[in-house]
């Protein structure tokens with residue numbers, strides 16, 4: 001039933017003005033991401049330029065997402081703009097280092113000026129049944145973050161079932177994560193509508209219980225505009241229109257931005273563009 | 001901002017003739033008295049076409065044509081040859097699926113996404129499935145290596161799944177070597193007539209499938225016709241009883257697939273959001289015009305308020321509107337008569353003291369529509385809990401224990417289907433075994449497959465459609481030692 005419901009969201013039809021508004025919203029919700037071993041300051045500067053100005057007339061993205069070592073370069077490149085710098089931390093992507101190391105990793109990113117932290121939960125501990133450790137680690141990182149927004153990556157592709165995703169979501173929200181995030185993007189399975197739906201349900205029930213609104217980030221596997229709009233529909237029909245904002249929703253992506261820009265161009269001019277006309281950054 | 005969905009209309013053009021004749025003996029023939037009647041689009045109230053009224057003479061001709069084809073062509077045909085026709089029809093259904101879906105939606109009112117993704121898909125699947133059985137009938141019934149067909153089958157199908165029910169009737173009948181006279185429902189003749197065209201184009205020998213359109217009198221003429229060896233009926237329990245009475249004392253074989261008042265049972269340990277999806281699908285799919293609809297929700301008392309709250313929120317996202325719009329979740333009610341019947345039962349629910357909840361959407365300015373509705377504060381004795389509403393109206397009641405749920409679920413003269421929602425496997429098995437229903441869905445609902453037998457107990461009818469069991473009514477087995 002979950003998968004059937006999730007599959008239905010991408011079938012809703014948005015056209016013309018509504019579609020343009022949705023595309024612009026999707027762009028404004030992107031965390032433009034580069035997490036490669038070969039990332040260099042030059043690469044980061046190029047990414048940040050695209051983040052600020054994806055195409056003439058297009059809105060800015062919400063944030064860039066980079067490794068801790070490159071936070072300072074990103075901050076510098078984005079100075080004076082509204083685009084935030086999110087940093088992965090806590091021994092991303094595996095999370096299999098000591099808590100001490102993971103906290104130092106987080107601190108380094110914060111000291112460099114990160115506006116947001118994307119941490120990974122300890123999946124090994126979770127699957128071994130040690131939820132107390134998973135909870136404690138998230139709480140410790142949040143304490144370090146203070147008012148800096150913390151995203152907790154559940155790595156749903158490793159958890160094994162939708163039930164486990166729901167359990168991990170509830171845990172992360174209770175431990176203080178501001179946003180729960182699907183994936184690191186580093187393993188085969190990333191965000192899917194069904195896992196996003198499970199997580200959205202957890203967020204909805206959390207609000208019902210506590211009155212607090214937490215966010216959702218889908219990362220990896222969101223390949224095109226249709227999929228992105230499908231997630232917006234999922235949010236609207238599950239959580240309500242308050243979540244249709246970069247404050248509560250993010251898409252971790254890189255190539256998606258290009259497809260959104262092409263669709264944007266199609267709506268504006270009536271003709272499909274080509275990737276040749278879109279700057280590669 | 002909120003997301004504003006735009007209409008996404010299915011625009012595949014479908015040619016609808018001004019007038020349709022019957023399809024008898026491989027030819028298109030008008031009614032013997034030349035009369036026709038209108039079939040309308042319930043979403044727009046506009047006339048789609050004029051369709052021939054089936055008279056006694058028309059039925060006579062059709063049965064004679066079916067008999068002729070049976071004796072001289074079909075029963076003696078090599079089974080593998082019969083199968084080829086069925087595969088050809090199945091293939092045509094797939095190739096013309098969009099056209100069939102649009103026609104089904106226009107004539108009956110169901111959302112295009114259902115006719116496209118469910119009705120036509122399943123109809124083709126039934127033909128593919130039974131085509132495969134045509135040359136393997138010696139394995140269909142244990143101990144019987146050479147089963148014979150029954151003869152001429154009179155099939156009467158309803159308006160809720162017009163094409164699909166026609167497929168459910170025709171495919172197994174033909175696979176077993178029978179010939180068919182099909183009487184589609186009065187308000188939804190068009191896809192049956194297109195199916196007849198498909199049979200014609202597939203080169204099906206004349207008289208193997210005949211379609212006689214008309215109303216209740218046409219159906220009655222078919223049921224009492226002495227030249228018919230078997231009646232297959234899907235429709236209301238009320239009419240089913242009339243048919244059974246008329247068949248008594250004759251040698252006609254009979255299968256009936258009638259109404260239901262299925263219980264969807266949700267335990268506190270069910271995954272609630274998914275149970276809600278199952279409940280919503282169970283009662284609002286096809287506007288609730290479903291014999292196996294989960295029209296009663298039995299919810300464990302401890303989670304009643306939570307479930308009602310979630311359900312109320314969820315139905316606000318259901319879109320009622322133009323059935324040809326791909327966004328539409330709930331289409332038009334099939335006819336003004338059915339619309340009035342649902343309205344009457346909604347009133348009775350309120351009058352008897354239940355509390356009505358409905359989604360807050362606007363309804364189209366024309367056409368027959370009802371909002372997704374549910375009642376709380378329902379007791380077993382209320383009409384809305386006992387009578388089949390056949391509309392998007394759910395009756396919610398509580399229970400405390402599994403045994404109480406089973407008792408309440410079985411407390412109905414019907415017995416077609418049921419749903420059980422719990423994460424505990426042992427409980428799922430325990431409850432499923434004790435529910436008196438032909439189909440029990442566990443943590444899901446409305447799952448169908450041509451290989452899976454479907455049918456009910458008691459006043460939901462008898463006989464099964466689908467699977468090996470679905471062949472049985474179309475085969476004639478000599479009486480003898482135990483099978």
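The rows are residues; the columns are (1) touching a helix residue (DSSP H, G or I) at 6+ places or on another chain (Cβ under 9 Å); (2) within 14 Å of chain A (Cβ to nearest Cβ).
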residue: B:216; (1), (2): yes, no
residue: B:232; (1), (2): yes, no
residue: B:241; (1), (2): yes, no
residue: B:253; (1), (2): yes, no
residue: B:261; (1), (2): yes, no
residue: B:275; (1), (2): yes, yes
residue: B:278; (1), (2): no, yes
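Going by the structure shown, is residue A:236 modelled with pLDDT of 95 or more, touching a strand residue (DSSP E or B) at 6+ places or on another chain (Cβ under 9 Å) and closer than 30 Å to residue B:359 by Cβ?
Numbers: modelled with pLDDT of 95 or more: yes; touching a strand residue (DSSP E or B) at 6+ places or on another chain (Cβ under 9 Å): no; closer than 30 Å to residue B:359 by Cβ: yes.
So residue A:236 fails the test.
Going by what's in this entry, would residue B:54 be described as buried (at least 18 other Cβ atoms within 10 Å of the Cβ) and on the phi > 0 side of the Ramachandran plot? Judged against the criteria, residue B:54 is not a match.
Take the conditions modelled with pLDDT under 95 and more than 14 Å from chain A (Cβ to nearest Cβ) and apply them to residue B:457. Does it pass? So residue B:457 passes the test.
Remark: pairs (first residue in region B:211-238, modelled with pLDDT under 95; second residue part of a helix (DSSP H, G or I); Cβ separation under 7 Å; 6+ apart in sequence or on different chains) = B:237/B:459. Just give me the residues in region B:95-113 being more than 14 Å from chain A (Cβ to nearest Cβ) and not in a helix (DSSP H, G or I), in sequence order. Of everything in region B:95-113, those that are more than 14 Å from chain A (Cβ to nearest Cβ) and not in a helix (DSSP H, G or I) turn out to be B:96, B:109, B:110.
Restricted to region A:245-281, and to residues that are within 14 Å of chain B (Cβ to nearest Cβ) and out of contact with any helix residue (DSSP H, G or I) (no Cβ under 6 Å at 6 or more places or on another chain), which residue is nearest to residue A:153 (Cα to Cα)? Looking at the filtered set, the residue picked out is A:248. For region A:223-244, the set of residues classified as over 25 Å from residue A:115 (Cα atoms), away from chain B (no Cβ under 12 Å) and in a helix (DSSP H, G or I) consists of A:225, A:226, A:227, listed by residue number. Considering B:417, B:428, the condition of being within 22 Å of residue B:277 (Cβ to Cβ), buried (at least 23 other Cβ atoms within 10 Å of the Cβ) and in contact with a strand residue (DSSP E or B) (Cβ under 8 Å, 6 or more places away or on another chain) is satisfied by B:417 alone.
How do the strands (runs of 3 or more DSSP E) wholly within region B:176-236 filter down when requiring 2 or more residues that are within 19 Å of the chain's Cα centre (by Cα), surrounded by 22 or more Cβ atoms within 10 Å (Cβ to Cβ) and in the same structural domain as residue B:51 (by TED's automatic domain parsing): which remain? Filter on region B:176-236 gives B:179-183, B:230-234. Looking only at region A:128-149, decide whether some residue is modelled with pLDDT of 95 or more, in a strand (DSSP E or B) and within 22 Å of residue A:63 (Cβ to Cβ). Yes, region A:128-149 contains at least one residue that is modelled with pLDDT of 95 or more, in a strand (DSSP E or B) and within 22 Å of residue A:63 (Cβ to Cβ).
Remark: residue B:443 matches the filter, which requires a residue to be within 14 Å of chain A (Cβ to nearest Cβ), surrounded by 17 or more Cβ atoms within 10 Å (Cβ to Cβ) and closer than 27 Å to residue B:304 by Cβ.
Residues that are under 22 Å from residue B:68 (Cβ atoms) and in contact with a strand residue (DSSP E or B) (Cβ under 9 Å, 6 or more places away or on another chain) do occur in region B:128-148. Being at the interface with chain A (Cβ under 10 Å from one of its Cβ atoms) and either closer than 30 Å to residue B:471 by Cα or assigned to a helix (DSSP H, G or I) (or both) is the filter here; which residues of region B:263-273 pass it? Within region B:263-273, B:272, B:273 qualify. When region A:239-281 is limited to residues that are under 18 Å from residue B:6 (Cβ atoms) and modelled with pLDDT under 90, the one that is surrounded by the fewest Cβ atoms within 10 Å (Cβ to Cβ) turns out to be A:270. Kindly provide the set of residues from region A:180-197 that are away from chain B (no Cβ under 14 Å) and either part of a helix (DSSP H, G or I) or surrounded by fewer than 24 Cβ atoms within 10 Å (Cβ to Cβ) (or both), ordered by number. Within region A:180-197, A:184, A:185, A:186, A:187, A:188, A:189, A:190, A:192 qualify. Among the residues making up region A:160-181, those that are in contact (Cβ under 8 Å) with a residue 40 or more places away in the chain, under 19 Å from residue A:234 (Cα atoms) and within 16 Å of the chain's Cα centre (by Cα) are A:179, A:181.
The values are calculated or read from the model by the stated rules, or taken from the named source; none is laboratory data. For clarity, every value in this text was computed on a predicted model and none was experimentally measured. Cβ coordinates were reconstructed from backbone atoms using ideal geometry, including for glycine residues, and neighbour counts include every protein chain displayed.
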